[in-house]
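Report on one structure; see the data block that follows.
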Amino acid sequence: MAITEEPPLILELESGETKPSTGAFARPTYAKGWRAWVFTVDHKKIGIMYGAVAMFWFLWGGIEALLIRTQLLTPNGTVLTAEQYNQIFTMHGTTMVFLVIMPLAAAFANYIVPLQIGARDVAFPRMNALGLWIFVFGGIFLNLSWFLGGGPDGGWFAYAPNTSVTFSPGAGMDFYAMGLQIAGIASLVGAINLIVTIINMRAPGMTLLRMPVFTWMILVVQFLLLFALPVITVALVLLSLDRTFDANFFNVGMGADPLLWQHLFWIFGHPEVYILILPSFGIVSETLPVFSRKPLFGYSVIVISGAAIGFMGWGVWAHHMFVSGLGPVSVAAFSATTMFIAVPTGVKILNWIATMWGGKITFTVPMMFSISLVSMFTIGGLSGVMHSVAPADTQQTDTYFIVAHFHYVLFGGALMGLFAGMYYWWPKAFGYKLNETLGKWHFWIVLVGFNLTFGPMHILGLQGMARRHSRYGPEDGFDFWNLMVSIGAFVILIGMIIFAINIVKTWLGYKAGTIEQSPADPWDGRTLEWSIPSPTPEHNFDYVPVVTDLDDFWHKKYQKDENGKLRKVADGNAIAQLGDQHPHLPSPSYWPIVLASGLPLIALGLIYTLWLTGIGLLVLVAAIYGWSLEPHTDPDVGHGHGDDHDDHDEPDGDHSENLIDSPKDESTEEAPVG
Amino acid sequence: MSGWHKRVESAKLLKKRKFANEVHDTDMVQNRFFYNRNLRFTFLGTLLLFISSCASGRLDPLKPVGQNAKDIDGIMRLSAWMAIAVGLFVGAAVIAVIIKFRVRPGDDPDELPEQIHGNKKAELTWTLIPVVMLLFLAVATIPSVFDLHDKGDGPTIQVTGQQWWWQFSYDLDEDGQSDIITSNEIVIPVGQEVNLEITSNDVIHSFWIPQLNGKKDAVPGRVHHWRISSPVPGIFYGECTEFCGLSHANMQVRAVALEAADYKIWQESQLAKSSIPTGEAAKRGYDLFGVHCISCHVINGVYEGAADGNANLASGVAPNLTHLMSRTSFAGSLFELYNEDQSVNIADLREWVRNAPGQKPSRPENRQGMMSFAEILNGPELDDIVSYLQTLGGKPPLMPS
């Protein structure tokens, strides 16, 4: 039984007629236009918006990267001042981690997870919208700093006491501290929502070990978020108190130990690495079997190793601090734990290769990105093992060797996987495939550019080039490889431009009717999202499927004949649901975006003038009040999502049940709910 | 930004000079010996040497000189060798899969490949093999972690990082008072494991001279122990590697390793106090220094007001200039103090005194870094101050060759 928002109070009128209570405001009913997006609580629209906003920040973070590379193109670069350079590398990291990869993963989690578990929405649709809008406002707030005196300049890791007012007198670090607190609330809200959704709203028969690996990895990631975000939040609150109210948490003069920040930051920061990479591990665990036409090799091992990474990820944080001045016992212990976290990761890699082994591989664009994850991430993982050797790390840390390492992990791993996911699920989300030819150009140019950018960084690091230096001298001998790296960065840009062209071109083609509509099951998929039409209908499932197997949809298409040989018994597109039912769905709501808009006001007020904080708090309280009094659905509209069909009759007496804000409850007639 | 352009020019000059060639030559002899001893790593050594020989800089962690750096290099090559072996295996497997198991044009689309759901034996094997490899690596790593933390037999030197330069203090008689305070260049005796006590006066920095040892953070309020040593005399270069604010990129450091006798001579010369100069220009410079510079800088014996962290700076300390001329560089080792012909680099020194923030990014209005005197001192006054500075201390014991 799904956990749902409270059913509405039914008022008995004197006439004997029943009428649900209405809140302070009626719920919005926009079916089309921008307001249909802004007030939506539909997990699919929210997922798409997460993706679109993340891609906007990806563009911005990419521009920041190119500025860095232009500055370092030659020795003693003069494109940026040291001050600008420090702000830009700080925001490049912060943007890519918090505003690109995390929300891209959230985009897939929001869009795909309910479809993979056979649900009509997430457990708390309005909270889902709240998470999106807090993230949007958090990102805007963080980048407002550019227009208000300069960006944060303490690095994304923001080591104390360099972030104190004494050493970073501008407002940049305030924007960093408050902006990340706001973005953190978004992730926390999303994490709780998805955990409840995955645990409670799976289709009947979908036991945990019949759950698709992508959903599994998202579940692990949400638990990591749930426990990691409070840690960074504590650190950021302490930093904000130091900066805004002259507290002394990181003031060495008052007896503080700056290593406190490092411990807090990395206790969050290391699980964060797995928060960034596991969604992509989930994505390729979906695509590799589909395009190899074989089941995932060792499903349970992959799931268990993913969960194991989730646990072990908490015991390795101090490997970021091997030269920070921990004693030899700590260094040795964290050195060992770091080595052994390579085991579950390595097992995954080999299982993926075994999945492809013996298969019939079609090299679609999503498959190519997936294979590049397997190989590029391996390089990043192996250089990670080199860092786990603490004495070697004393030479490698804070050099470009580390920069190379984590870009192989986060670009070669996380981002390649997310691109695989985009090409793979694009037809499900938008109803048409991205162009495969342009996609292949995109893939190959990015792959070459990526290796040209980050491969030579290994060499630069071994030559002793330190990170976060706004310049290097000609006497250092770094010229040649820096030139290559900068060229590579612009090659990546070309690849990304091709991706943008692909999106626009296919969209225009689809609008013009020259690109065909994707069928429900364009890739011969294995999981439930392929059993419903493309693009996904508003209500996802006409009826909630009953699951009997892992890869249930595939088993509906392929069964053993009398000789025990697997045969195709049905075409996926033929047996897919039609998407022609019109169950009730939760209504849109004004309040999530209103509530979210209070947070940046509060934060701005804390930096500049407290009366703004007062206004923000008023907005926040008013929104919570309005939210709590909101009717669960507007009875006069009937269909919250505004699908304006009149053919769907509803017996009047049935209304109260349909008002419940849970999609699952409306499906009770069609399928039992487990 | 004229200062920066000049910096480019001066750096180009330095490149021509081919820094520390001498060191590298002796170092190559050392290295050859080292590789022979570790024949197992020859292949990798060749590979890494090829990579590193593409362009040889002056930091060169891959050409270790000090014993600690060599020990680290050995274990790093071991881990690199293992990583490359595994990487080649995985790469070969991926390529094999791509070639061998692709769909062929004639394949029946309804014909499924064999549906294998897993193989417990195989999975157990490729879980255990990495475990064994990593156990081997851990066994090799852990003792060396403890070795690096041991104390050495040599003298102890206090290393203090601040925005954006390093200070080195020597307490020769162990009375708790520093007897020698110098900056930018740490002078050490050859053949001894010198103990460093690393700390910071403001934010976190990291002390790193790659050819001598790995890095160690300088954290305010904490003293971190670390060692360096060199078996041969020479100048070794280093960088600050923990992001420390605006001029993090311009906080360099040098280690000068001297033979025991030279080290002794250097120590004695550093103990000498300064006195009022006799030359006319230098005397005028001395007076100007007393007006404009002593709120931050100390010159032992004449201007000591800014000692003990009293400098008017966020970090409380500016370089002690008593023996300025005995160093080879200034301003966080960003500029050479001597030209190629061993004459004093008056042009850069004068420009630095005139307008330091134009030469090196800093934030003097926030008491981070030296202020500009461009509006305060006129040309002749600058010349006088530079004349005075040239009287401070003797020649460096070793020049970059």
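So the values come out like this:
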| item | result |
| --- | --- |
| Global geometry of the protein assembly as shown, whether rounded, prolate or oblate, following the gyration tensor of its Cα atoms and the 1.5 cut on a/c | prolate |
| Inter-probe distance in nm under a simple model that places probes 7 Å from Cα toward Cβ, at B:Leu112 and A:Trp444 | 3.4 nm |
| Interchain or long-range residues, amide H under 5 Å from B:Ser206's placed H | B:Ala218, B:Thr241, B:Glu242 |
| Charge dipole magnitude, Cβ of K and R +1, D and E -1 - the range B:280-389, Cα centre, debye nearest 20 | 300 debye |
| Gain upon complete extension [B:Glu365, B:Leu271; 0.36 nm per residue less C-alpha separation] | 30.4 nm |
| Stretchable slack from B:Glu197 to B:Lys121, in nm (0.36 nm times residue separation minus alpha-carbon distance) | 22.1 nm |
| Cut-off 15 Å between beta-carbons: net charge of the residues surrounding A:Ala65, Lys and Arg +1, Asp and Glu -1 | +2 |
| Dipole in debye (nearest 20) - chain A, about Cα centre, beta carbon charges: Lys, Arg +1; Asp, Glu -1 | 2580 debye |
| Amide H partners (placed H, <5 Å) of A:Gly579, local residues excluded | A:Asp542 |
| Average beta-carbon neighbours from other chains, 10 Å sphere, peptide B:191-203 | 2 |
| Using alpha-carbon coordinates, inclination of helix A:328-340 to the longest axis of chain A, degrees | 40 degrees |
| Qualifying GluC sites (Glu not before Pro) for the range B:263-331 [loop in DSSP, other Cβ within 10 Å: at most 16] | B:Glu304 |
| Separation of the A:Trp146 and B:Ser401 label points, Cα + 7 Å toward Cβ, nm | 5.2 nm |
| Options B:Tyr286, B:Pro364, B:Leu321, ranked by Cα towards positive dipole end of the range B:280-389, top entry (Cβ charges) | B:Pro364 |
| Estimated inter-spin distance, A:Gln517 and A:Phe56, nm [label 7 Å along Cα→Cβ] | 3.1 nm |
| Among A:536-542, A:576-582, the order from most to least packed when residues are scored by Cβ within 10 Å on average | A:536-542, A:576-582 |
| Cα-based helix-to-principal-axis angle, B:379-389 vs chain B, degrees rounded to 10 | 80 degrees |
| Modelled FRET efficiency - R0 22 Å, A:Val546 with A:Val569, Cβ distances, 0.05 increments | 0.80 |
| Where trypsin sites (Lys or Arg not before Pro) in DSSP loops with at most 15 other Cβ within 10 Å are excluded, longest remaining stretch of chain A | A:33-564 |
| Extended-chain gain in nm, criterion 0.36 nm per residue less alpha-carbon gap, A:Met254 and A:Leu617 | 127.4 nm |
| Average beta carbon contacts from partner chains per residue of B:235-246, 10 Å cutoff | 6 |
| Sequence ranges B:307-319, B:196-208, ranked by mean other-Cβ count within 10 angstrom, highest first | B:196-208, B:307-319 |
| Shielding by partners - mean other protein chain Cβ count within 10 Å, residues of A:157-168 | 5 |
| Degrees, to the nearest 10: A:479-512 long Cα axis against longest axis of chain A | 10 degrees |
| Positive-end residue of A:Gly325, A:Leu142, A:Val100, charge dipole of chain A with Cβ unit charges | A:Gly325 |
| Residue pairs, from the table A:Lys360/A:Lys556; B:Lys273/B:Lys360; B:Lys151/B:Lys395; A:Lys360/A:Lys565; A:Lys556/B:Lys120, whose Cα atoms sit over 23 Å apart | B:Lys273/B:Lys360; B:Lys151/B:Lys395; A:Lys556/B:Lys120 |
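Laboratory data are not the source of any read-out in this text; all were calculated from the coordinates shown. Only a predicted model underlies this, so the values are computations on that prediction, with no experimental measurement involved. Backbone-built Cβ (ideal geometry, glycine too); neighbour counts: all protein chains shown.
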